[in-house]
Structures are given as C-alpha cells and as structure tokens.
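Student: Handing you a structure now.
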Amino acid sequence: MKNTLRQVFHSSKFVAGFVIFVAIILMMIIYPLFNPGNPLEQIGVGTFAKPGTYVSLYDAARTKTDTLRLPDAADNRIAAALTDEDRVAMVEWFTLMGADISDLDTADTDAMIELWHETYDPTARPKGMTNAKINYYKRLNNAIMDLGAADTITIAEYNDEGVLEESKTILDTDYVNTKNVANVKTLPLGTDNFGRDVLKELVSATGTSIRIGLIAGIVATVIGLTFGLLAGYVGGWLDDIIMFITNIFTVIPSFVLLILITYSLGQEQRGAAVVATVIGFTSWTWTARSVRSQVISLRNRDHVNLSKLSGHSLVRIVVMDILPYIASYVVMAFILQVSSGILAEAQLSLLGLGPKTTQVPTLGLMMNWAMLYSAHTNGSWWAYFPVILIITLISFSLNLMNTGLDQVFNPTLRD
C-alpha cells in the first residue's frame, strides 16, 4: 500500500490535480469561518452590485473626519461623476448641435465639460428627439452644473425643540478612515441579481456541487461495478440480461433520460441528494461495460480457478480474487463519474431542472440565475465568470488526477 501511494504521489499530473482540488476544499472549509451566515441571504436591494468595499454613508457622515488636500481630488471627483453612458450621450448632443468633435477625446473630462457649456441650450429641441431624451439631457446638465457648484454638504438634525438645525458641515477636504466607520462591507465578488454576496454563495455552491458529484459518482460506480462484476464473472444468461439492460441505457442518450426523470419529479422533490442520485442512476453504463471487459480477462486466471476448486462462494471470489485487481480502475472510474456528475448538475440547472432553488445554491443554479437576469449582457462578469472558473478548475483537477493514476497503473503508459 505504501509503495502504491508513493508511486501515485510521484506522478506530477496527479499531484497537480490533487493540489488544486485540495485548495478548493480548503476554501470551502476556511472561508465560512470568516464569513458565516446563510449564503442565500439578501444583503442588497439592487441587483449586481460591483465588487468592492461598501461604506455606510449614514455612519460615515457621523464619523470623525481628517483633513487631506489631495492634488487630484477635484479632477477625480468630476471624472467619476460622468459615466461612460453620459459621455456617449454628450457626444451625440455635440453632433446634433454641429460642434467640431474631430479632435475630442471623451476621456478628457475638462474638454467635454467645456464643450458642453458652449453647446448646451435648454430650449433646443433637436428634430426627432423624444421628450424622455430631452429630460435626460436636462438632468445631465444639472449634474454637470453641480459638479463645481458646491464644495460643502450640510447635515441637519432635529434639536430638542423639534426644529431642524445645522449639526455638521462636510467639506470636500474631509476624509474618514474606514476602520472608524461602524458599518463597512467588503464584497470581493459583488452581489448577484438577488443582492446576495456572490463569494459566500460561490463557496457554498462549490461545496454543494462537489457533494452532488460525490453522491452521483458513488451511485454510478456501485451500480456499474456490481453489474460489471456479475456480468463478467458469471456470464451466461445473467450476462445477457445485464448487457441487454446496459444496451438499452446506452442507446437512450443519458442526458435526455436525465432530463425526463428530473422533469417528472417536480421542483419540490428535487433536492440536491435526489438530483445526484438521478444523475448517478443514468450514468453507470460505461462503467459497467468497462468493468465487465476487465473481469472477463481475469475470471480464468489461475488464482481464480484455485478459489473455485477450493469451494469458495461467488461473493468471496469476486471480492477477494477479482476486485483487488481492478481496484485502481474502479478508483479512476469513480473520479471521472464525480466530474461528470458535477457537469451534469450544471447542465440540468441551466435548463431550470436542477435542485430546489430555495434550499442551497449550486454552481449550476448560479449560472442559471446569471443567465436569466442577463448578467452576460450588462457587464456583470462577477456573477458568472467565477462560477465558470470553479467548474473548470474542479473538472481539470479531477481529470489530471485520473490521468496521473492511469500513468501509474497502466503499464502501456509508463515511461
């Protein structure tokens, strides 16, 4: 056993895949310790909040300030106030007004604002422009006028007599240390379409998807191993029956069968364990056929014939004299079944046939939510790209481990 493990961990491919997979498992274990709570808890009202650190304005306004005079603060403030959409709209206005924009750089905020002051006329009614667009330009003009109009913000509070009075004035040179603000939330991957922390959700979903893959792998491997051992060793009419059933499952595309079964279960019955079991039940055929072919080559070996002559039972012969010789192959088949189970769940969830959405998140469900709310078209990459990356890393690591094991145990692939 030690020699076998030594050989396995001398395989660079197996070690690389093992390290990646263990790193993912450690992330699932460690991150919830620092960020506990329900991964499906809605912490945001809006959808797809960008990654970053969020500070409560309510608390920040009441936090002790320090005066800092940063040289580019005013320019940065003005540049950040004009979004890319606003800049495109300004260029459209300049074009309608006949302004020369041949040398205009939309990234040059000062030039954009200067040209805006020269060309904007609140009474202008360009031909074909809707009232909604005209009102948009009015709001944009008000925002531009306000950029340099006020360098202070006044906070008013009710006094003991119920009268509003000035309690604090915030200057444009006032800064607060985020460590002193009562409520600060860091969202490394922002929020999803429901206002949920994507990173917390991703960690939980990874764990659920791996559990689904493990359950599906166990079910598929047990069924395929049992049928393969019986068909290969016993042979005869039992082999014919088992291969007839296997061929039926092989002819019918497993994913189509998987869709039909999960659809018939209904949303309320589709828990993670149920979906995993169904995936395993529809993906055992190639394991059974492969194990059968391996057992046929072993059933007439001398040590097996000796066990037959000794009167050992069928179960003992299969378990003690045949199974150890194909154990490495069974482990490799199990690893591939786990990978296939994770991918199958992702495919099912993309079609809306995954586990119940109100219980636990899965990688497939996260992809489904991102797709339904058009995260890929509105630039919310953090809602789907990390999910794709995690699925890729899990599949890649498991396949690397399988390839490494194959090189160790397959004599034809050894150096």
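Where a number appears in this text, it was derived from the coordinates with a stated rule and is not lab data. These figures come from a predicted structure and were not determined experimentally. Cβ placement follows ideal geometry from the backbone for every residue including glycine, while neighbour counts extend to all protein chains displayed.
Student: Given contacts defined as C-alpha pairs under 8 Å and at least six residues apart, what's the relative contact order of region 68-149, whole-number percent?
Tutor: Relative contact order comes out at 27 percent.
Student: Once you've got the GNM for the chain with C-alpha springs shorter than 10 Å, pick whichever of 74, 23, 375 has the biggest mean-square fluctuation.
Tutor: It is 74.
Student: Which residues make up the longest stretch of the chain that has no trypsin sites (Lys or Arg not before Pro) in a DSSP loop with at most 13 other Cβ atoms within 10 Å?
Tutor: Result for the longest clean stretch: 128-300.
Student: Where does the longest stretch of the chain lie that holds no GluC sites (Glu not before Pro) found in a DSSP loop with 15 or fewer other Cβ atoms within 10 Å?
Tutor: Longest gap between qualifying sites, sites excluded: 269-415.
Student: How large is the charge dipole for the chain, taken about the Cα centre, if only the Cβ atoms of Lys, Arg (+1) and Asp, Glu (-1) carry charge, to the nearest 20 debye?
Tutor: Roughly 3040 debye for the chain.
Student: Can you pull out the chymotrypsin sites (Phe, Trp or Tyr not before Pro) in region 1-79 that DSSP calls coil and that have at most 15 other Cβ atoms within 10 Å?
Tutor: The qualifying sites are 9.
Student: What is the gain in length, in nm to one decimal, between residue 179 and residue 331 on full extension, counting 0.36 nm per residue of separation less the C-alpha to C-alpha distance?
Tutor: This chain segment gains 49.7 nm when fully extended.
Student: Going toward the positive end of the dipole of region 68-149, with +1 on Lys and Arg Cβ and -1 on Asp and Glu Cβ, which of 128, 101, 74 do you reach last?
Tutor: Working it through, the farthest residue towards the positive pole turns out to be 128.
Student: Further question: Residues with amide H under 5 Å of residue 43's amide H, sequence separation 5 or more or different chain, H placed in the peptide plane at 1.01 Å from N; which?
Tutor: Amide H neighbours of residue 43: 196, 197.
Student: Also: Please enumerate, by chain and number, the lysines with C-alpha under 20 Å from the C-alpha of residue 64, excluding those fewer than 8 residues away in the same chain.
Tutor: The reachable lysines, counting only those whose Cα sits under 20 Å from residue 64, are 168, 179, 185.
Student: Tilt of helix 363-372 relative to the longest C-alpha principal axis of the chain, in degrees (0 to 90, nearest 10)?
Tutor: Tilt of helix 363-372: around 40 degrees.
Student: Under a cut-off of 23 Å between alpha-carbon atoms, report the lysines in cross-link reach of residue 356, not counting same-chain residues fewer than 8 places apart.
Tutor: Of all the lysines, those that pass the test against residue 356 - Cα under 23 Å, at least 8 places apart if same chain - are 200.
Student: Next up: Just want to confirm a number: the relative contact order over the chain, from Cα pairs under 8 angstrom separated by 6+ residues, in percent.
Tutor: It rounds to 26 percent for the chain.
Student: Could I ask something else about it? By how many degrees, between 0 and 90 and to the nearest 10, does the Cα long axis of helix 198-234 differ from the longest principal axis of the chain?
Tutor: 10 degrees
Student: Ok, one more. Enumerate the aspartates and glutamates that residue 308 could reach by cross-link, defined here as Cα to Cα under 13 Å, with residues fewer than 8 away along the same chain left out.
Tutor: Once the sequence-local aspartates and glutamates are set aside, what remains near residue 308 is 321.
Student: A further question follows. Let me test this: with uniform point scatterers at the alpha carbons of the chain, what is the Debye-based log₁₀ I(q)/I(0) at q = 0.08, 0.11 1/Å?
Tutor: -0.69, -0.98
Student: While we're looking at this one, here's another question. Note down the net charge around residue 304, summing +1 for each Lys or Arg and -1 for each Asp or Glu among other residues with Cβ under 12 Å from its Cβ.
Tutor: In short, +2.
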